[in-house]
Amino acid sequence: MLPLDRVDARRIALIKPSALGDIVHALPVLTALRVRFPAARITWVVNAAYEPLIRDHPDLTETLPFDRGIFRKALWRSARYAVAFATELRKRQFDLVIDLQGLFRSGLMCLATGATRRVGFTTAREGSRYAYTDKVRSPNPRQMHAVDRNWKMAEALGAGDVPKRFHLPVNSIEAEAVKSELAGLPRPWLAVAVGAKWVTKRWLPGHFAELLRRSQSQFGGTCLFIGTSEDTASSLEVMHGLTGPSRDLTARTTLPRLTALLSLCDAMVGNDTGPLHLAAALGRPCVAPYTCTRVSLHGPYTSMKGGVETTVPCGGSYLKTCPDMICMPELTPDRLWPQLAETLNAWLLRQRDCHSA
């Protein structure tokens, strides 16, 4: 077989179904593939919940949404859907399939395509590596940032000689709607995400409130709380501790609306979750507490300096639950304040330069 960096593919499938932050971390690979294969049809296989994020991406030909929720329904419905989806994959006649997920389900998708070249990482789990015709050596996930690990795939395919770029389509209609909603609110506009799926990532609401009070006291501005309905209660708790203006937008933003909102915000303060990485990909400066994860592995890639880690011995354990949570009282608002103050000072200077120009 030809080496991967000499393959000439016409129909490419990129498999990265979830989650939000992981999809964002894979975006530079997509753009590199478009440079390497300018005439190819490139299809992204993605969970239906995240498909709106990349639907209009300029480097994609199309998306192929996958309804993961169907597997929580009756067995016969799940089986029928799986067969239909596998048939659709085979019908697309892909000649190159790239699995950036590396799990059992994505491995099955690779096999279902029938593609002659199916590529994944040597570190793929749940047996998915047995679905590949080509395996790309990847460092241990504890040794390299997720964006850089994904980039190893671009390099193996001869597409790694371009800069890593995060292209995200911002819907103009959504952007205008956001501008209208925020009109009259004092700036800087701070996007705030207090939620996280892992309890070990959830910085204390009291910490958020203290940090944001200090920010509004010195720089003014408006705090815009984002997240799902599960984050509403914590967001309201933080909002009740503020004296400056704020808005609760939790459970009120679709992915296109969230993308537009973050593209217009002046900075982002939040836990290590999808919205933080989305904001970083949009070029927003980010400030984030890191308790159970590491900045070097999962920091906001374009704003790594804004990630502040706990110093407790068990920090960066990647445990989803913890009986002690000693990192929370240790990682105080005082630890994050210098980064946020620096970020907002830089914003203030830019504003002054614009007004004086």
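The values are calculated or read from the model by the stated rules, or taken from the named source; none is laboratory data. Note that the structure is a prediction, hence the values are computed from the model and not measured. As a convention, Cβ positions derive from the backbone with ideal geometry for all residues, glycine included, and neighbour counts pool all protein chains shown. Remember, those area values only see protein heavy atoms, side chains included, never the ligands or the DNA or RNA. Shrake-Rupley method; radii C 1.70, N 1.55, O 1.52, S 1.80 Å.
Of all residues in region 8-56, those that are part of a helix (DSSP H, G or I) and within 19 Å of SER106 (Cα to Cα) total 12.
When region 308-326 is examined, which residues are found to be touching a residue at least 24 places away in the same chain (Cβ under 8 Å) and closer than 20 Å to LEU212 by Cα? Let's see the steps before the verdict.
Here is the first cut: in region 308-326, the residues touching a residue at least 24 places away in the same chain (Cβ under 8 Å) are 308, 315-322, 325.
Of everything in region 308-326, just one residue is touching a residue at least 24 places away in the same chain (Cβ under 8 Å) and closer than 20 Å to LEU212 by Cα, namely VAL308.
Mind listing whichever residues of region 320-338 are part of a loop (DSSP other than H, G, I, E, B) and either in contact with a His (Cβ under 9 Å, 6 or more places away or on another chain) or surrounded by 14 or more Cβ atoms within 10 Å (Cβ to Cβ) (or both)? Even if it seems obvious, please write down each step before you answer.
Within region 320-338, the first condition is being part of a loop (DSSP other than H, G, I, E, B), and the residues that meet it are 320-326, 331-332.
Result: CYS322, MET325, ILE326, LEU331, THR332.
Taken over region 18-31, the criterion of being open to solvent by less than 20 Å² (accessible area, probe 1.4 Å) and farther than 12 Å from LEU53 by Cα is satisfied by HIS25, ALA26, PRO28, VAL29, LEU30, THR31.
Determine if region 74-88 includes at least one residue that is touching a residue at least 24 places away in the same chain (Cβ under 8 Å), buried (at least 17 other Cβ atoms within 10 Å of the Cβ) and assigned to a helix (DSSP H, G or I). Within region 74-88, one or more residues are touching a residue at least 24 places away in the same chain (Cβ under 8 Å), buried (at least 17 other Cβ atoms within 10 Å of the Cβ) and assigned to a helix (DSSP H, G or I).
Candidates in region 299-317 are the residues that are open to solvent by less than 40 Å² (accessible area, probe 1.4 Å) and within 15 Å of GLY21 (Cβ to Cβ); of these, the one that is nearest to the chain's Cα centre (by Cα) is PRO300. The number of residues in region 27-84 that are at pLDDT 95 or above, among the aromatic types (Phe, Trp, Tyr) and in contact with a Ser or Thr (Cβ under 8 Å, 6 or more places away or on another chain) comes to 2. Taking the conditions exactly as written (open to solvent by less than 50 Å² (accessible area, probe 1.4 Å) and outside any strand (DSSP E or B)), does ASP59 satisfy them or not? Criteria met by ASP59.
Do any strands (runs of 3 or more DSSP E) entirely within region 175-294 hold 1 or more residues that are open to solvent by less than 10 Å² (accessible area, probe 1.4 Å) and touching a Ser or Thr at 6+ places or on another chain (Cβ under 8 Å), and if so, which?
Once the strands (runs of 3 or more DSSP E) in region 175-294 are filtered for at least 1 residues that are open to solvent by less than 10 Å² (accessible area, probe 1.4 Å) and touching a Ser or Thr at 6+ places or on another chain (Cβ under 8 Å), what remains is 189-193, 222-225, 267-270, 286-290.
May I ask you to list the residues in region 212-225 that are out of contact with any Asp or Glu (no Cβ under 9 Å at 6 or more places or on another chain) and hydrophobic (A, V, I, L, M, F, W, C)? Passing the criteria: LEU212, PHE219, CYS223. Tell me whether region 124-139 contains one or more residues that are open to solvent by 10 Å² or more (accessible area, probe 1.4 Å), within 30 Å of ALA84 (Cα to Cα) and in a helix (DSSP H, G or I). Yes, region 124-139 contains a residue that is open to solvent by 10 Å² or more (accessible area, probe 1.4 Å), within 30 Å of ALA84 (Cα to Cα) and in a helix (DSSP H, G or I). Looking across GLN101, GLN93, one residue alone is touching a residue at least 60 places away in the same chain (Cβ under 8 Å), within 27 Å of the chain's Cα centre (by Cα) and closer than 25 Å to ALA48 by Cβ. It is GLN101.
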